[in-house]
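Enquirer: Structure provided below as structure tokens; questions to follow.
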Amino acid sequence: MAGGSFAPGGVAKARADEYEGKVTTYVIVACIVAAVGGSIFGYDIGISGGVTSMDGFLKKFFPSVYEKKSHSHESNYCKFNDQGLAAFTSSLYLAGLVATLFASPVTRNYGRRISIICGGISFLVGAILNAASVNFGMLLSGRIMLGVGIGFGNQAIPLYLSEMAPTHLRGGLNMMFQLATTLGIFSANMINYGTSKLDQWGWRLSLGLAAAPALLMTVGGVLLPETPNSLIEQGSKEKGRKVLERIRGTQNVDAEFEDMVDASELANSVKHPFRNILKKRNRPQLVMAICMPMFQILTGINSILFYAPVLFQSMGFKGNASLYSSALTGAVLALSTLVSIATVDRLGRRVLLIGGGIQMIVCQVIVGIILGLKFGNNQQLSEGYSIAVVIVICLFVAAFGWSWGPLGWTVPSEIFPLETRSAGQSITVAVNLFFTFIIAQSFLSLLCGLKFGLFLFFAGWITIMTIFVYIFLPETKGVPIEEMMLLWQRHWFWKKIISEDLREDESFERQKNSLVLPQQAP
């Protein structure tokens, strides 16, 4: 074993102050190319809502929805309420949920690159099927293949970014995934705005252009290097060290390399990562892997991004106006993500999550009040209130973009020890896709049933998750990814749960206090 002992769930030595290296062009290019995979996720989120509001698409696959949409006497909140239409959007996420469970062993045993390539190929096939669809079965098959691509991509890319990035910039570089996602959403909204004018075949072009980021992801996966963590875990220590030296721009990588080797030896001793992740010593990470993606979706953001054109049309905006408004929200989301990238490694994760949560609560309540007082059946919002709703929704999207959007992925990807990292990321992705599926499938029905109360429903969840972060999430800024276990052991709450397992390792007890960490909030 190279350099020191390790504790259950991670390395024991705190060698962060010995890490050397700089941000190299090599690692930046690798992270940018890998993060392009996030644009696939974003493109689908953005494209679905626009396509489902296009008359040509509705006439071909959902004629009953097209008829309902045209009836002026239909409730504003219920014009698009159709389970088949919801299934078109949600089927992708159910397929992704299943796919990510298969992606976990592939990512661990064969590397992050293989999963990225598999995801790109699957998404490419799905895009072609969707663009060429002549019936609902073909359309659904295409969506399922897209889901498989997202399951593999979302499993591997956040891990790849976390492992390639230097510790002091891990948060910002990891958020390349979210930035690519938001740019994918914005691009999809702009494409929908243009293709909506093409009448009968515009929807085919919108769905087919998903092949572009899928091709980039596939080619990028072929050209990218494997992460040093994964290479070492697979037994290629020398190759792993060479990659580490290359991405850090120095040969003085002994401390970081030793941490990786320690973590790898422990990881290879764990034959059943999903069983291991259930142990008490991994309880904090498991809770975060479940709660962070769950809360991310229960902000209500996907409801707005999936169905933005549908939502704005329901509020009385005309076709082009609704697509324009949804494009505006996509642009705001992309720009606000840049704020998070610039501040996350300076301000920390907790400040952004709590601040963003408070802003989202206020925005959801304001929208709910406006719709409750000024918008009902057979009514349209006045121009002034329509503008106010769009502005408040943009403020909501901005808050999500610099807080829970990127950090909902960043935090779970950086907190797991190597032996359970792929399993933990699989759980994170599965929970995210499960709740995305539930919201996507039920949103139109919830909008019809709860009406303006739906926004208050989401405000309640955001309140809960903001309190959750304040109490249970320690600050992970500046903590090396292979020394994260030391952080949980020092947290006022989690140490009570994991201390029983950690006491068994005396070396961990002797050395845990050597890591200097930020003061944790109660």
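The values are calculated or read from the model by the stated rules, or taken from the named source; none is laboratory data. Fair warning: this is a prediction, and the values are worked out from it, not measured in the lab. All Cβ positions, glycine included, derive from the backbone under ideal geometry; neighbour counts span all protein chains shown. For the accessible areas, the whole protein counts, side chains as well, though only heavy atoms, and no ligand, DNA or RNA atoms are used. Shrake-Rupley method; radii C 1.70, N 1.55, O 1.52, S 1.80 Å.
Enquirer: If only one of Leu179, Leu244 is within 20 Å of the chain's Cα centre (by Cα) and surrounded by 21 or more Cβ atoms within 10 Å (Cβ to Cβ), which one is it? Full working, then the answer.
Expert: On the way: Leu244 fails: within 20 Å of the chain's Cα centre (by Cα).
Just one listed residue meets the conditions, Leu179.
Enquirer: Out of the residues in region 275-298 that are in contact with a helix residue (DSSP H, G or I) (Cβ under 8 Å, 6 or more places away or on another chain) and farther than 14 Å from Val431 by Cβ, state the one that is most open to solvent (accessible area, probe 1.4 Å).
Expert: Leu278
Enquirer: Another question about this same structure. Somewhere in region 110-129, is a residue touching a helix residue (DSSP H, G or I) at 6+ places or on another chain (Cβ under 9 Å), on the phi > 0 side of the Ramachandran plot and at pLDDT 85 or above?
Expert: yes
Enquirer: Looking at Ile393, is it farther than 26 Å from Gly460 by Cα, modelled with pLDDT of 80 or more and open to solvent by less than 50 Å² (accessible area, probe 1.4 Å)?
Expert: Numbers: farther than 26 Å from Gly460 by Cα: no; modelled with pLDDT of 80 or more: yes; open to solvent by less than 50 Å² (accessible area, probe 1.4 Å): yes.
Judged against the criteria, Ile393 is not a match.
Enquirer: Could you say whether any residue in region 126-148 is crowded, with 21+ Cβ neighbours inside 10 Å, within 21 Å of Thr410 (Cβ to Cβ) and within 21 Å of the chain's Cα centre (by Cα)?
Expert: no
Enquirer: Cβ contacts < 8 Å: first residue under 15 Å from Ile150 (Cβ atoms), restricted to region 106-125; second residue open to solvent by less than 60 Å² (accessible area, probe 1.4 Å) and not in a helix (DSSP H, G or I), any location; separation 6+ or different chain. Result?
Expert: Taking only residues 6 or more apart or on different chains, the pairs are Ile116/Leu224; Phe123/Ala210.
Enquirer: Looking only at region 458-479, which residues are assigned to a helix (DSSP H, G or I), open to solvent by 10 Å² or more (accessible area, probe 1.4 Å) and in contact (Cβ under 8 Å) with a residue 12 or more places away in the chain? Write out each step before concluding.
Expert: Our first condition is that a residue be assigned to a helix (DSSP H, G or I); within region 458-479, this holds for 458-472.
Retained after the next criterion (residues that are open to solvent by 10 Å² or more (accessible area, probe 1.4 Å)): 460-461, 463-464, 466-468, 470-472.
Result: Trp461, Thr463, Ile464, Thr466, Phe468, Tyr470, Ile471, Phe472.
The rows are residues; the columns are (1) farther than 29 Å from Trp492 by Cα; (2) modelled with pLDDT of 85 or more; (3) not small (Gly, Ala, Ser).
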{"site": "Arg248", "(1), (2), (3)": "yes, yes, yes"}
{"site": "Val261", "(1), (2), (3)": "yes, yes, yes"}
{"site": "Asn268", "(1), (2), (3)": "yes, no, yes"}
{"site": "Arg275", "(1), (2), (3)": "no, no, yes"}
{"site": "Leu278", "(1), (2), (3)": "no, yes, yes"}
{"site": "Pro284", "(1), (2), (3)": "no, yes, yes"}
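Rundown of residues vs (1) under 23 Å from Ile121 (Cα atoms); (2) assigned to a helix (DSSP H, G or I); (3) in contact (Cβ under 8 Å) with a residue 12 or more places away in the chain, yes/no style:
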residue	(1), (2), (3)
Val148	yes, yes, yes
Ala156	yes, yes, yes
Leu161	yes, yes, yes
Arg170	no, yes, yes
Gln178	yes, yes, yes
Gly184	yes, yes, yes
Ser187	yes, yes, yes
Gly194	no, yes, no
Gln200	no, no, yes
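Okay, residues lined up against (1) of a type in the set (Asp, Glu); (2) modelled with pLDDT of 75 or more; (3) open to solvent by 30 Å² or more (accessible area, probe 1.4 Å):
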{"site": "Pro8", "(1), (2), (3)": "no, no, no"}
{"site": "Val11", "(1), (2), (3)": "no, no, no"}
{"site": "Ala14", "(1), (2), (3)": "no, no, no"}
{"site": "Glu18", "(1), (2), (3)": "yes, no, yes"}
{"site": "Gly38", "(1), (2), (3)": "no, yes, no"}
{"site": "Gly49", "(1), (2), (3)": "no, no, no"}
{"site": "Asp55", "(1), (2), (3)": "yes, yes, yes"}
{"site": "Lys60", "(1), (2), (3)": "no, yes, yes"}
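Enquirer: While we're on this one: Has region 299-320 got any residue that is modelled with pLDDT of 90 or more and open to solvent by less than 10 Å² (accessible area, probe 1.4 Å)? Talk me through it step by step, then tell me what you get.
Expert: As a first pass, look at region 299-320 and keep what is modelled with pLDDT of 90 or more: 299.
Restricting the remaining residues to those that are open to solvent by less than 10 Å² (accessible area, probe 1.4 Å) gives 299.
Within region 299-320, one or more residues are modelled with pLDDT of 90 or more and open to solvent by less than 10 Å² (accessible area, probe 1.4 Å).
Enquirer: In addition: Taking the condition assigned to a helix (DSSP H, G or I), aromatic (Phe, Trp, Tyr) and open to solvent by less than 20 Å² (accessible area, probe 1.4 Å), does Phe443 pass? Full working, then the answer.
Expert: Working: assigned to a helix (DSSP H, G or I): yes; aromatic (Phe, Trp, Tyr): yes; open to solvent by less than 20 Å² (accessible area, probe 1.4 Å): yes.
In short, yes.
Enquirer: So Leu173 passes all but one of these: (1) of a type outside the set (Asp, Glu); (2) open to solvent by less than 10 Å² (accessible area, probe 1.4 Å); (3) in contact with a Cys (Cβ under 8 Å, 6 or more places away or on another chain). Which condition number does it fail?
Expert: Every condition holds for Leu173 apart from (2).
Enquirer: Based on this model, can you work out whether Glu419 counts as farther than 19 Å from Gly172 by Cα, open to solvent by less than 10 Å² (accessible area, probe 1.4 Å), touching a helix residue (DSSP H, G or I) at 6+ places or on another chain (Cβ under 6 Å) and of a type outside the set (S, T, N, Q)?
Expert: On the way: farther than 19 Å from Gly172 by Cα: yes; open to solvent by less than 10 Å² (accessible area, probe 1.4 Å): yes; touching a helix residue (DSSP H, G or I) at 6+ places or on another chain (Cβ under 6 Å): yes; of a type outside the set (S, T, N, Q): yes.
Criteria met by Glu419.
Enquirer: Continuing with this model, one more query. Is it the case that Tyr324 is at negative phi, buried (at least 22 other Cβ atoms within 10 Å of the Cβ) and either among the basic types (Lys, Arg) or modelled with pLDDT under 75 (or both)? Spell out how you get there, then give the answer.
Expert: Values: at negative phi: yes; buried (at least 22 other Cβ atoms within 10 Å of the Cβ): no; either among the basic types (Lys, Arg) or modelled with pLDDT under 75 (or both): yes.
Answer is no for this residue.
Enquirer: Condition (residue is exposed (fewer than 15 other Cβ atoms within 10 Å of the Cβ) and closer than 16 Å to Thr299 by Cα) applied to region 480-502: is it met by at least one residue?
Expert: No, because not a single residue in region 480-502 is exposed (fewer than 15 other Cβ atoms within 10 Å of the Cβ) and closer than 16 Å to Thr299 by Cα.
Enquirer: Do you know which of the residues in region 194-208 that are buried (at least 18 other Cβ atoms within 10 Å of the Cβ) and under 22 Å from Ala334 (Cβ atoms) is modelled with the lowest pLDDT?
Expert: Looking at residues that are buried (at least 18 other Cβ atoms within 10 Å of the Cβ) and under 22 Å from Ala334 (Cβ atoms), I get Ser196.
Enquirer: Could you look through region 63-90, keep only residues that are within 21 Å of Ile144 (Cβ to Cβ) and touching a Phe, Trp or Tyr at 6+ places or on another chain (Cβ under 8 Å), and pick out the one that is modelled with the lowest pLDDT? If you could, list the steps in order and put the result at the bottom.
Expert: Keep residues of region 63-90 that are within 21 Å of Ile144 (Cβ to Cβ), which gives 82-90.
Still in the list and also touching a Phe, Trp or Tyr at 6+ places or on another chain (Cβ under 8 Å): 82, 84-86, 88-90.
Working: Asp82: 71, Gly84: 76, Leu85: 75, Ala86: 76, Phe88: 79, Thr89: 76, Ser90: 81.
Restricting to residues being within 21 Å of Ile144 (Cβ to Cβ) and touching a Phe, Trp or Tyr at 6+ places or on another chain (Cβ under 8 Å), the top hit is Asp82.
Enquirer: On to the next question. May I ask you to list the residues in region 480-522 that are modelled with pLDDT of 60 or more and not in a helix (DSSP H, G or I)?
Expert: Taking region 480-522 first, the residues modelled with pLDDT of 60 or more are 480-501, 503.
Across region 480-522, the qualifying residues are Pro480, His491, Trp492, Phe493, Arg503.
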